[in-house]
Amino acid sequence: MLRPDFFDQDARELAPALLGVVLRRRVGALWLAAAIVETEAYLRSERASHSSLGRTPSREPMFMPAGTLYLYHSRGGPSLNLSARGEGDAVLIKAGLPWVDERSGPRSLEAMHRLNPKRDGSARPERRLCSGQSLLCRALDLRVAEWSGRTFDPEAFYAEAGPRPQSILQTRRLGIPAGRDEHLPYRFVHGEHADAATENPLRKRGWVEGVEYRVSG
DNA sequence: CCAAAGATGCGCT
DNA sequence: GCGCATCTTTGGG
C-alpha cells in the first residue's frame, strides 16, 4: 500500500505521479485491480474545480488531508478523486487499465466485466473496461455513499506501486466548459497505455506535439 | 420539492 | 464530432 505521505504533494505533481499506480479493490473473496492510466489535477484557485464553487458537505473531502477520497456523482455515474496537499486541491482518476496478476486473476477480471457491462449486456473490450471516470468506478464497485470522505483501507480498497510510465502525455482537461479555465494543461496520460485513456492525445486528428500536447519522461 | 445542471457515456453519421 | 439518454445532487442561478 502506498504510504499516506505519497499523496501529500501538489495536485499537479501528484496527478502524473499516480500514473501506473494499481488500485486494488476487494469484492467478496475476489480482489479486483486496475492500473491508473489517466488523471486530471484540479485546484481550488481555478474555476474548473468543485472546491472553487465553495464548501458544501459533499465537497468537504476535497478540503480534508491529502489522501482523502472524494467521490461525487455526475450524469449518472460516480467519479473517484484523491485530495492533494493544497486545501481544496485534488486529482481526478480519469481512466484505468484492468490489471491481471497473481493477486487478481481471470476470475477478478470476469467480475469487473459483470460489474460494468455494455448497455446491451455484452462485455466491453478489456482496454475499454475502465476507460472513463465512471467506468472505472463501476468496474471496481466504488460508490459515493460508501467511500467519499474516507481514506484507503488495506482490507477493502487501496493503492500500490505499479507500472511506471516511461513517458507522460500532458494536455488539456476534458469536459470543462468555456470560461472555466479550460485551457489549463492539467490532464496526464500514461505514455504506454494511452489507448486505455478516455481520449488518446496521440490519435487526435490535427494535434501536434508541443502545441496541443506535450511529451515528457 | 423540483428544475436544472453537470469534471459522462454511447451510438450514429 | 455531435446529439441525446441518463440520473444524482443541489440549492433556489
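Computed from the coordinates by the stated procedures, all read-outs in this text should not be read as laboratory data. Note that the structure is predicted; figures quoted are calculated from it, not measured. Cβ: placed from backbone, ideal geometry, glycine included. Neighbour counts: every protein chain shown.
Starting from the stretch A:1-101, pick out the chymotrypsin sites (Phe, Trp or Tyr not before Pro) whose DSSP state is loop and whose Cβ has at most 10 other Cβ atoms within 10 Å.
Details: sites: A:F6, A:F7, A:W31, A:Y42, A:F63, A:Y70, A:Y72, A:W99; in loops: A:W99.
Filter output for the stretch A:1-101: empty list.
By the helix-only formula, in which each DSSP H run with n ≥ 4 contributes -39500 (n - 2.57) and the sum is divided by residues, chain A has a 222 nm mean residue ellipticity of -3000 deg cm²/dmol. The relative contact order of chain A comes to 26 percent, based on Cα pairs under 8 Å that sit 6 or more residues apart. Out of the stretch A:50-129, which GluC sites (Glu not before Pro) are coil in DSSP terms and have no more than 14 other C-beta atoms within 10 Å? Of the GluC sites (Glu not before Pro), the ones in loops of the stretch A:50-129 whose Cβ has at most 14 other Cβ atoms within 10 Å are A:E87, A:E102. Please work out whether the stretch A:4-164 counts as rounded, prolate or oblate from its C-alpha gyration tensor, where a ≥ b ≥ c are the square roots of the eigenvalues and a/c under 1.5 means rounded, while otherwise a/b larger than b/c means prolate and anything else oblate? Verdict is prolate for the stretch A:4-164.
If you keep only loop residues by DSSP, which trypsin sites (Lys or Arg not before Pro) in the stretch A:154-217 have at most 11 other Cβ atoms within 10 Å of their Cβ?
A:R205
Of the residues A:V189, A:F7, A:G121, the one whose Cα sits farthest toward the positive end of the charge dipole of chain A, with +1 on the Cβ of Lys and Arg and -1 on the Cβ of Asp and Glu, is A:G121.
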